[in-house]
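Asker: Before I ask anything, here is the structure I am working with.
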Amino acid sequence: MTKKKLTRFDLQKMKESHQKAVWITSYDYWTAQFAEQAGMDMILVGDSLGMCIYGYEGTIPVTMDQCIYHSEAVRRGAPNTFIIGDMPFLSYQVNIDDAVRNAGRFFKEAGADAIKLEGGRRVCPQIRAIADAGMLVMGHIGLTPQSSGQLGGFKAQGRTAAAALELIEDARAVQKAGAFSLLVEAVPPEVCKIIRDDLTIPVYSIGAGVDADGQVMICSDILGIFQAFTAKFVKKYANLGGETLKAMEAYAEDVRKGKFPEAQHTYNMVEGELPKLKAALKK
């Protein structure tokens with residue numbers, strides 16, 4: 001049976017019925033295939049691909065073309081899943097026209113269902129303009145990696161009453177600007193719960209506790225592939241990094257010892273053709 005792709009209205013009903021939405025990042029065809037087969041409600045083509053795919057130290061170097069390229073691959077791998085394209089650094093901050101134009105590329109070129117951008121009140125004009133242009137926008141507050149320099153690094157946000165109040169005001173502003181949902185990152189669970197209860201739109205968590213309307217995780221983290229560091233909120237459900245290393249080491253050993261390829265891995269000549277070849281070579 002073909003999986004039914006959710007709509008914004010389905011996601012809204014899930015919030016209202018207290019049904020958790022489950023989503024994950026994906027950057028390529030094969031992980032998108034697995035995500036759809038696993039029944040993920042949504043897939044985020046995150047700018048975290050900068051670290052997970054390209055080996056950058058952060059997300060700042062990621063370009064629009066890279067995000068579009070990977071979003072296209074994910075769409076091919078998950079044709080029946082709600083896909084969110086992540087707007088990279090400087091694709092929406094410079095001016096509103098750029099924000100609308102770049103957001104539109106995800107829909108026109110990659111078949112995305114929504115886009116996500118980082119920031120609270122300071123990006124509400126962009127959220128409003130993109131939404132007014134007929135596109136779905138997901139907000140993102142708390143730890144916003146593109147502005148991690150201003151935040152003092154990859155640190156949890158909203159841990160004091162004053163900081164929490166700022167986040168709550170950001171969340172309200174994002175909803176008012178027209179976002180259909182909100183992602184809250186690296187924020188205390190009690191603060192995320194207040195935001196979830198305060199907003200009518202779905203509020204999702206990455207490192208913000210269990211009380212959100214759903215959870216997203218980075219596929220490279222839960223699969224145990226990303227090696228550079230492990231955030232506190234990550235739970236590894238597999239160790240594919242370790243398994244990959246063992247497989248490559250075993251392959252290298254077999255080749256060096258002449259154990260691979262074996263007869264079962266090769267294609268033989270048609271019976272009787274080898275003598276003909278040898279005879280022809282002697283002429």
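The values are calculated or read from the model by the stated rules, or taken from the named source; none is laboratory data. Small disclaimer: the values here were computed from a predicted structure and weren't measured. Note that we place each Cβ from the backbone using ideal geometry, even for glycine, and neighbour counts take in every protein chain shown.
Asker: In the range 23-61, which residues are surrounded by fewer than 16 Cβ atoms within 10 Å (Cβ to Cβ) and touching a strand residue (DSSP E or B) at 6+ places or on another chain (Cβ under 9 Å)?
Answerer: Matches in the range 23-61: ALA38, GLY39.
Asker: Would you confirm, using the coordinates I've provided, whether ALA177 is touching a residue at least 24 places away in the same chain (Cβ under 8 Å) and touching a Cys at 6+ places or on another chain (Cβ under 7 Å)?
Answerer: It is true that ALA177 is touching a residue at least 24 places away in the same chain (Cβ under 8 Å) and touching a Cys at 6+ places or on another chain (Cβ under 7 Å).
Asker: Can you work out which of the residues in the range 57-71 that are outside any helix (DSSP H, G or I) and either over 16 Å from the mean Cα position of the chain (by Cα) or more than 17 Å from SER147 (Cα to Cα) (or both) is modelled with the lowest pLDDT?
Answerer: Filtering first and then ranking leaves GLU57.
Asker: Next up: Please verify whether the range 177-189 includes one or more residues that are of a type in the set (Val, Ile, Thr), under 21 Å from THR25 (Cα atoms) and assigned by TED's automatic domain parsing to the domain that holds ARG122.
Answerer: Yes, because at least one residue in the range 177-189 is of a type in the set (Val, Ile, Thr), under 21 Å from THR25 (Cα atoms) and assigned by TED's automatic domain parsing to the domain that holds ARG122.
Asker: Could you tell me which residue of the range 193-232 is modelled with the highest pLDDT, considering only residues that are among the aromatic types (Phe, Trp, Tyr) and surrounded by 17 or more Cβ atoms within 10 Å (Cβ to Cβ)?
Answerer: Out of the qualifying residues, it is TYR204.
Asker: Would you confirm whether any residue within the range 233-256 is surrounded by 12 or more Cβ atoms within 10 Å (Cβ to Cβ), among the hydrophobic types (A, V, I, L, M, F, W, C) and farther than 24 Å from TRP30 by Cβ?
Answerer: Yes - at least one qualifying residue is present in the range 233-256.
Asker: Just one of (1) at pLDDT 95 or above; (2) more than 24 Å from VAL45 (Cβ to Cβ) trips up VAL187, so point out which.
Answerer: Going through the list (1) at pLDDT 95 or above; (2) more than 24 Å from VAL45 (Cβ to Cβ), VAL187 breaks only (2).
Asker: Do you know which residues across the range 139-168 are closer than 14 Å to PRO88 by Cα and either touching a residue at least 60 places away in the same chain (Cβ under 8 Å) or not assigned by TED's automatic domain parsing to the domain that holds GLY85 (or both)?
Answerer: PRO145, GLN146, SER148
Asker: Is it the case that some residue within the range 239-256 is assigned to a loop (DSSP other than H, G, I, E, B) and closer than 24 Å to SER220 by Cβ?
Answerer: The answer is yes, given that some residue of the range 239-256 is assigned to a loop (DSSP other than H, G, I, E, B) and closer than 24 Å to SER220 by Cβ.
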